[in-house]
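Please read the structure below before turning to the comments.
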Amino acid sequence: YFNDNTLVFLDGHFVKPEQASCSVYAQSLHYGYAAFEGLRSYSTTAGIRIFKAKEHYERLHYSCQAVGLPLAYTVEELTALTYELLELNRLSDAYIRPLVYAGEPNMGIKAPATSNLFIAAWEWGKYLGDQCLRLMISPYERPNPKAVPIEAKISGHYANSIVASSDAKMKGYDEALLLDMHGFVAEGPGSNFFFEKNGELYTAPAGSILQGITRATVIELAREAGVRVHEQFFRPEELLEAEGAFLTGTAAEVVGVSSIGEHVFRKPYADTIGAQLAQQYTALVTGKAAPHLLST
Ligand code: PMP
């Protein structure tokens with residue numbers, strides 16, 4: 001994630017990672033009480049561009065607000081700081097990780113009056129690789145949305161993600177697919193899920209998922225291409241009729257799924273809508289296609 005020349009942003013300054021320290025009594029560390037984002041920048045035909053910076057930083061504001069974590073920077077300030085960070089680190093194609101946390105020594109369980117902001121960036125390949133994935137329906141469900149604001153990107157929620165993902169890997173699969181508390185298919189530990197049936201796409205609606213920015217982009221791309229996209233609840237049994245599936249996320253981008261449990265999709269991934277959308281997504285983020293879909 002860093003080398004001798006790396007600089008990170010911490011509370012108003014660009015510093016070396018080893019200077020960016022945090023108390024072991026920090027509230028965020030003990031309670032998972034922090035909000036974060038994951039963005040990507042790309043070398044595009046118009047220079048280095050962060051894909052949908054506005055949407056990501058608006059979601060960071062939403063996440064902070066959802067748990068009462070103060071955030072003292074506007075979307076515009078956060079975006080400008082991130083471009084500065086990329087430039088200082090001479091990065092073009094990078095993954096960017098902003099974290100808003102309560103770093104003061106505080107063992108209380110009450111929202112703090114102030115927060116810290118950390119932003120780091122590094123080169124990171126497609127998070128789940130390029131190969132089609134073998135998923136497993138996880139025995140771990142997504143957290144109950146009545147217990148935590150699950151549509152916010154809160155650090156503590158990722159204990160659920162890590163447990164589900166590690167369990168799937170331990171059982172010989174590439175990744176987990178989590179159901180919601182009602183038994184409907186929700187999403188992956190760090191990505192949204194789509195399946196294809198009769199030339200149409202299906203994905204879980206808002207409720208128990210993180211409403212992915214890649215998910216929204218892919219829905220737009222599909223609709224532009226005349227593909228119907230249904231945002232509706234579905235059960236794992238319905239996946240037996242699916243012809244293909246894929247996951248979406250900023251880090252993972254668009255990645256194919258070859259099987260779920262014992263069910264192997266018959267259609268080769270290269271022939272699926274997902275494979276086409278993966279290409280269109282790359283063209284979009286690198287500025288080679290459909291610029292009107294780029295809001296920032
Ligand atoms: N769901 C979860 C649980 C995630 O962590 C992520 C990654 N941020 C996503 C979905 C995909 O969201 P996005 O496309 O905005 O990166």
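When Gly172 is tested against (1) buried (at least 16 other Cβ atoms within 10 Å of the Cβ); (2) at positive phi, just one condition goes unmet, and that condition is (1). Filter the stretch 200-217 down to residues that are over 21 Å from Asn160 (Cα atoms) and away from the ligand (no atom under 12 Å from the Cβ), then give me how many there are. Number of matching residues: 3. For the stretch 274-296, a residue qualifies if it is touching a helix residue (DSSP H, G or I) at 6+ places or on another chain (Cβ under 7 Å), modelled with pLDDT of 95 or more and of a type outside the set (Ser, Thr, Tyr), and the qualifying residues are Ala275, Leu277, Gln280, Leu284.
Contact map, the stretch 153-180: first residue outside the structural domain of Ala66 (by TED's automatic domain parsing) and in a helix (DSSP H, G or I), second residue more than 12 Å from the ligand (Cβ to nearest atom) and of a type in the set (Val, Ile, Thr), Cβ cut-off under 8 Å, separation 6 or more or different chains; pairs are Gly156/Val148; His157/Val148.
Of everything listed in (1) surrounded by 18 or more Cβ atoms within 10 Å (Cβ to Cβ); (2) over 18 Å from the mean Cα position of the chain (by Cα), the single unmet condition for Ser63 is (2). Could you say which residue among Ala120, Ala147 is over 14 Å from the mean Cα position of the chain (by Cα) and surrounded by fewer than 18 Cβ atoms within 10 Å (Cβ to Cβ)? On inspection, the qualifying residue turns out to be Ala147. Testing Ser43 on (1) part of a helix (DSSP H, G or I); (2) among the small types (Gly, Ala, Ser); (3) in contact (Cβ under 8 Å) with a residue 60 or more places away in the chain, one condition comes back false. Which one is that? So Ser43 meets the others, but not (1). Would you confirm whether any residue within the stretch 10-27 is part of a strand (DSSP E or B), in contact with a Leu (Cβ under 8 Å, 6 or more places away or on another chain) and among the polar types (S, T, N, Q)? For the stretch 10-27, residues part of a strand (DSSP E or B), in contact with a Leu (Cβ under 8 Å, 6 or more places away or on another chain) and among the polar types (S, T, N, Q): absent.
The values are calculated or read from the model by the stated rules, or taken from the named source; none is laboratory data. This is a predicted model, so every value here is computed, not measured. Here the Cβ is made from the backbone with ideal geometry for all residues, glycine too, and neighbour counts use every protein chain on show.
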